Amino acid sequence: MKKYTHAWLAFMAIKRLENVKLSATDRKYADSLINWFMDHRDDVTQGAWYPDAVIMDMANSHVLKLTPSVDAKNKFKKLPTTYLNYKYGKASPLRQQSFTVDKDDNLPDRCESIAHSVIDHLKMQEMEDKGSSVSPTDNQVALLLFMLSHYIADAHMPFHCDSRRFSEGINLHGDIEGEWEDAIMDCYPPDTSNERFYYDRFGYPFKNPNSNPSHQFFLDKVDNELSGRKFIMSWGASNGNLWDFMSAICQYSYLLSYRFIPQGYDHTNVTAQNWRRPLGSISVEDFGVASISDAIDSIARAWFRVWRRYKKWEKKQRTKK
Ligand SMILES: [Zn+2]
């Protein structure tokens, strides 16, 4: 995904946490995360883009590429039942088959390790005296959280989870991500020289009242999908942690990719003319709505759970004192 898409997804994840129903204790945790985010929101664009701009581990850590296989023994995991990705994936004939995973790819590991780093940094910050030379700064923690949102979002771009080479040929991968970026930059025009959004009175990206109606329609669909969706705290079925959850996300992204561009097609025979038909059983619009709305839900869930884990630890430490 592209730069402002990543930044916008992070804002929408926070907005989702603000709007969903939570228990009284979880609401307190969520509100502290929201407040903290708002203090750092000017750096979201740069931070969420850091993995592409600076880290540049695109070939292995922004992807988990799967290939259909009849012989492999890999099994599909489950996702929270509210996910569009899950609904579309479950109906895919490829779900009856196994798959292989490209051996150098490690997106779920990357997410799990950053999640640990965030919690470690927060703990160190809490334990160290002010001015300590080993104490991490708030900016460092913010950067890690924004980077985490990048890797999570990338897992929701189905072509990051499909071993077919859609960045070649007509570059369908780049084209579709470009369309999402155009829609977001039109509906929420950023201040590009300062790499940030203009804000509305609630602190979220300011909405352009005169955007292209087709862009607006697309993002409204994402909005409607999420506002009608219950926020499930669990990682889904027996998934025990962010690693399991991200592995499952990548599996259903792969299935979604094949529902959009079915077997028999790859970068050599997808043309500028044929892919919009669509070639598969879901439209480019449904493909986009599923990818983007599920990405927002996932960033919200991962951030919240990481934050809550730290906050629970912090509470224990303070009662000890
Ligand atoms: Zn990326």
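Only the coordinates and a few stated rules stand behind these numbers; no lab work does. Note that the coordinates shown come from a computational prediction; the quantities given were computed from them, not determined experimentally. In this analysis, Cβ positions are derived from the backbone assuming ideal geometry, glycine residues included, and neighbour counts consider all displayed protein chains.
Quick look at the values:
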| read-out | value |
| --- | --- |
| Förster radius 51 Å - calculated FRET efficiency between Val134 and Lys90 (Cβ-Cβ, nearest 0.05) | 0.60 |
| Calculated P(r) tail over 35 Å for the chain, as whole % of Cα pairs | 19 percent |
| Backbone N under 14 Å from the His40 label point (7 Å along Cα→Cβ), restricted to segment 9-23 | 10-11, 14 |
| Extension reserve of the Asp31-Glu179 stretch, reckoned as 0.36 nm per residue once the Cα distance is removed | 50.0 nm |
| Principal-axis tilt of helix 213-227 within the chain, Cα atoms, nearest 10 degrees | 60 degrees |
| Cα gyration tensor shape for segment 1-94, rounded if a/c is under 1.5, else prolate or oblate | oblate |
| For the chain, calculated [θ]222 nm from helices alone, where every DSSP H run of n ≥ 4 adds -39500 (n - 2.57) | -18500 deg cm²/dmol |
| Inter-label distance for Arg318 and Tyr199, nm, one decimal - labels placed 7 Å from Cα along Cα-to-Cβ | 2.4 nm |
| Bins of 10 Å from zero: percent of alpha-carbon pairs in segment 1-55 | 23, 45, 25, 7 |
| Nearest-0.05 FRET efficiency for Arg165 and Leu22, computed from C-beta distance (R0 35 Å) | 0.25 |
| 0 to 90° range, to nearest 10: angle between helix 3-19 axis and the chain longest Cα axis | 60 degrees |
